[in-house]
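The values are calculated or read from the model by the stated rules, or taken from the named source; none is laboratory data. Worth saying up front: this structure is predicted, and the values here are computed from it rather than measured. Don't worry about glycine lacking a Cβ; one is built from the backbone with ideal geometry, like all the others, and counts go over all protein chains shown. The area values use the complete protein model at the heavy-atom level, side chains included, leaving out ligands, DNA and RNA. Shrake-Rupley method; radii C 1.70, N 1.55, O 1.52, S 1.80 Å.
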Amino acid sequence: MASVNLKKVRKTFGRTEVVHGVDIDIEDGEFVVLVGPSGCGKSTLLRMIAGLEEITSGEIHIGDLLVNTVAPKQRDIAMVFQNYALYPHMTVFENMAFSMKLAGRGKREQRERVDEAARILGLEGYLDRYPRQLSGGQRQRVAMGRAIVRDPQVFLFDEPLSNLDAKLRVQMRTEIRELHQRLKTTSIYVTHDQIEAMTMADKIVVMNGGHVEQIGSPLELYDFPANLFVAGFIGSPAMNFLEGTLVTTSTGRGVRIAPDCVVSIESQQPDGHQVVLGVRPEHLVIKESHTDAGMANDTAGIEAEVIVTEPTGADTQVFCRVAGKELVAISRQRHLFSPGTRIRLEAQARHTCLFDSDTGQRL
Amino acid sequence: MNGRSLGGWLDNRNVLGMLFMLPGAAILVVFLTYPLGLGVWLGFTDAKVGRGGEWIGIENYQWLWDDSVFRLSIFNTFLYTVVASVIKFGLGLWLALLLNRHLPFKSFLRAIVLLPFIVPTVLSAIAFWWIYDAQFSVVSWTLVKLGLIDEYINFLGEPNLARASTIAANVWRGVPFVAICLLAGLQTISPTMYEAAAIDGATPWQQFRNVTLPMLSPIIAVVMTFSVLFTFTDFQLIWVLTRGGPINATHLMATLSFQRAIPGGALGEGAAIATAMIPFLLAAILFSYFGLQRRRWQQGGRDN
């Protein structure tokens with residue numbers, strides 16, 4: 001096991017720079033997820049750590065070793081590929097033993113370590129099969145087995161679950177997590193799926209356009225997103241954003257999102273500041289419909305018109321329109337509003353986030 | 001009544017199927033089965049050009065059995081096929097590996113490689129004839145000017161030199177086919193295979209040995225079968241270059257068959273020689289059929 005440190009890592013393909021000076025510190029035994037939309041440079045970064053792409057500038061350390069010019073096989077890493085990259089002409093056993101065979105390990109050691117990995121992954125009965133004869137989930141396990149038998153310093157996962165169906169994905173998510181808890185090997189996991197990131201990571205690195213947007217634990221990112229991008233990327237359904245101006249009213253500070261609508265918040269910023277107010281769907285409390293007169297007097301509430309109600313069973317998602325913008329609120333209650341119903345939403349002030357509308361940074 | 005029964009017939013799946021197969025079957029019979037059958041039949045007759053033959057049983061074969069030229073042609077055919085195929089495979093694989101890299105002007109180079117395959121055989125054979133000419137050979141001229149040899153090489157005049165020269169010409173013509181087919185095969189191998197192998201610690205040679213070669217083997221089998229069949233039945237190149245000479249050193253079964261049958265007029269005997277090629281070709285096809293049988297790793301599905 002080892003720590004992994006990236007210092008001002010850059011990558012250019014021809015004249016286009018795709019990774020713009022990234023600093024990430026990964027501690028020994030940590031499970032770190034690199035997450036971001038496609039094209040954000042997360043896979044490139046992983047491939048640079050693996051040694052499959054050259055590092056244009058900056059430094060990558062694995063443990064105490066500066067690996068910039070070290071060949072992949074000497075980095076003591078193992079990688080699980082998106083398409084598994086199993087050798088089709090080798091059996092499961094041969095696939096898993098291939099690295100040991102190349103390293104000239106004895107037949108007995110190969111057998112022992114493959115058997116051990118197969119036991120952990122539940123592949124005992126499949127060692128003589130060819131990859132073609134396995135299901136997607138089994139292939140995925142073989143790919144992980146191939147990584148495990150090498151007992152590497154670092155596991156690298158490149159979107160390993162994206163070829164699986166939704167149910168299997170959830171199951172494998174848990175398995176990978178359990179595997180990490182058992183082996184405690186430093187792991188770097190790339191995905192575009194923020195739910196995978198949230199559920200699996202000790203630490204999430206959110207990337208966008210070749211920059212690191214924020215690094216933190218899943219709940220840190222969820223509760224205290226550093227900027228509009230992270231706020232919008234983490235969480236599903238996504239955070240609601242309302243543009244407005246900071247004002248002070250008789251009831252306290254607020255954001256005026258429409259001429260007749262002010263949302264209460266807590267803020268030290270001066271009045272008149274242009275801001276974006278972010279509220280998670282579950283922090284929008286739905287108040288049952290009142291009389292029009294009653295609603296107009298209540299400045300703490302947001303007047304909204306229901307567009308669609310989506311019950312998921314556990315909770316209900318209510319999509320509604322406020323000042324020309326769409327909002328979504330999640331409620332544990334089983335509301336069934338017909339479209340066009342006017343309701344009142346209350347944003348819980350201590351859970352709201354304020355962002356500068358020019359820079360997108362959190363205030 | 002009649003029309004209704006015709007319509008009824010056409011509604012029958014089997015009848016309709018037969019009807020659709022008819023054109024294909026007709027073409028096969030007229031252009032493949034009939035000539036083949038005629039050739040085999042002629043081999044059992046004493047037909048001459050301009051005279052229908054009498055059935056003489058296996059007399060032609062008995063006679064050929066003792067014919068040293070015929071035996072020599074079998075030896076030549078095998079030598080030609082084996083040596084040319086091995087060299088074509090080696091060169092073709094090497095070229096394919098080179099072309100599979102990121103080279104400048106990649107598509108241009110790939111087009112160039114195909115050239116020998118596109119040029120009509122007779123045309124390239126004539127070019128080689130000129131290159132191998134005893135007095136005007138450009139190869140000899142160059143070597144003499146470089147001071148490496150003193151006199152011109154008689155490429156097509158000495159038995160073993162002639163064999164080597166015809167094999168070289170055949171290789172030149174056959175390499176593009178092998179190279180392009182193998183290149184197509186190489187391109188089906190996902191780059192992540194090599195990345196996975198590199199992380200597993202494989203050197204470039206080990207990657208070639210453990211990833212490239214096994215994954216290419218199905219295509220190698222197909223390509224080399226075709227290459228062997230083409231080479232075994234080669235005629236044009238030899239006929240233009242040497243006509244089987246000198247002293248029958250380059251006579252292949254195909255050229256000998258033609259020489260005996262058409263210029264020599266002995267249709268029956270020529271047909272017998274051509275027919276004698278069939279067992280060898282069948283053996284090659286059977287060999288590739290069993291060699292080509294899909295390997296276990298290529299089979300889909302599960303085995304339970």
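Points to keep in mind about this one:
- Residues in segment A:72-81 that are open to solvent by 40 Å² or more (accessible area, probe 1.4 Å) and more than 8 Å from chain B (Cβ to nearest Cβ): A:74, A:76.
- Segment A:83-118 - residue that is within 8 Å of chain B (Cβ to nearest Cβ) and touching a Ser or Thr at 6+ places or on another chain (Cβ under 9 Å) and, of those, least open to solvent (accessible area, probe 1.4 Å): A:85
- If only residues of segment A:180-197 that are assigned to a helix (DSSP H, G or I) and not charged (D, E, K, R) are counted, the one that is least open to solvent (accessible area, probe 1.4 Å) is A:197.
- Qualifying residue in segment B:68-80 (condition: open to solvent by 80 Å² or more (accessible area, probe 1.4 Å), of a type outside the set (D, E, K, R) and within 30 Å of residue B:176 (Cβ to Cβ)): yes
- Filtered by the rule that a residue be in contact (Cβ under 8 Å) with a residue 60 or more places away in the chain, part of a loop (DSSP other than H, G, I, E, B) and of a type outside the set (Gly, Ala, Ser), segment A:235-283 gives A:237, A:239, A:265, A:266, A:269, A:273, A:280.
- The residues in segment A:198-218 that are assigned to a strand (DSSP E or B) and surrounded by fewer than 21 Cβ atoms within 10 Å (Cβ to Cβ) can be counted, and the count is 5.
- Scan of segment A:254-286 for residues that are more than 20 Å from residue A:326 (Cβ to Cβ), surrounded by 15 or more Cβ atoms within 10 Å (Cβ to Cβ), touching a Ser or Thr at 6+ places or on another chain (Cβ under 8 Å) and not β-branched (Val, Ile, Thr), ordered by number: A:254, A:264, A:273
- Counting the residues of segment B:146-173 that are of a type in the set (D, E, K, R) and open to solvent by 60 Å² or more (accessible area, probe 1.4 Å) gives 3.
- Candidates are the residues of segment B:192-231 that are within 30 Å of residue A:74 (Cβ to Cβ) and aromatic (Phe, Trp, Tyr); the one that is farthest from the other protein chains (Cβ to nearest Cβ) is B:208.
- Residues satisfying the criterion are present in segment B:129-151 (criterion: among the hydrophobic types (A, V, I, L, M, F, W, C) and closer than 15 Å to residue B:173 by Cβ).
- Set A:113, A:129, A:105: member being in a helix (DSSP H, G or I) and either in contact with a Pro (Cβ under 6 Å, 6 or more places away or on another chain) or of a type in the set (Lys, Arg) (or both): A:113
- Scan of segment B:69-90 for residues that are among the charged types (D, E, K, R) and closer than 15 Å to residue B:232 by Cβ, ordered by number: B:88
- Evaluating residue B:208 against the criteria (1) open to solvent by 20 Å² or more (accessible area, probe 1.4 Å); (2) at pLDDT 90 or above; (3) in contact with a Phe, Trp or Tyr (Cβ under 7 Å, 6 or more places away or on another chain); (4) not small (Gly, Ala, Ser) leaves one unmet condition, (3).
- Of the residues in segment A:14-32, at least one is within 14 Å of chain B (Cβ to nearest Cβ) and at pLDDT below 90.
- Inter-residue pairs, beta-carbon under 9 Å, first among the basic types (Lys, Arg) and in segment B:234-255, second open to solvent by less than 20 Å² (accessible area, probe 1.4 Å), 6+ apart: B:243/B:250; B:243/B:251; B:243/B:255
- Helices (runs of 4 or more DSSP H) wholly inside segment B:232-304 containing at least 2 residues that are open to solvent by 30 Å² or more (accessible area, probe 1.4 Å), more than 16 Å from residue B:40 (Cα to Cα) and modelled with pLDDT under 85: B:267-292
- Any hit, segment B:102-115, residues being part of a helix (DSSP H, G or I), surrounded by 13 or more Cβ atoms within 10 Å (Cβ to Cβ) and small (Gly, Ala, Ser): no
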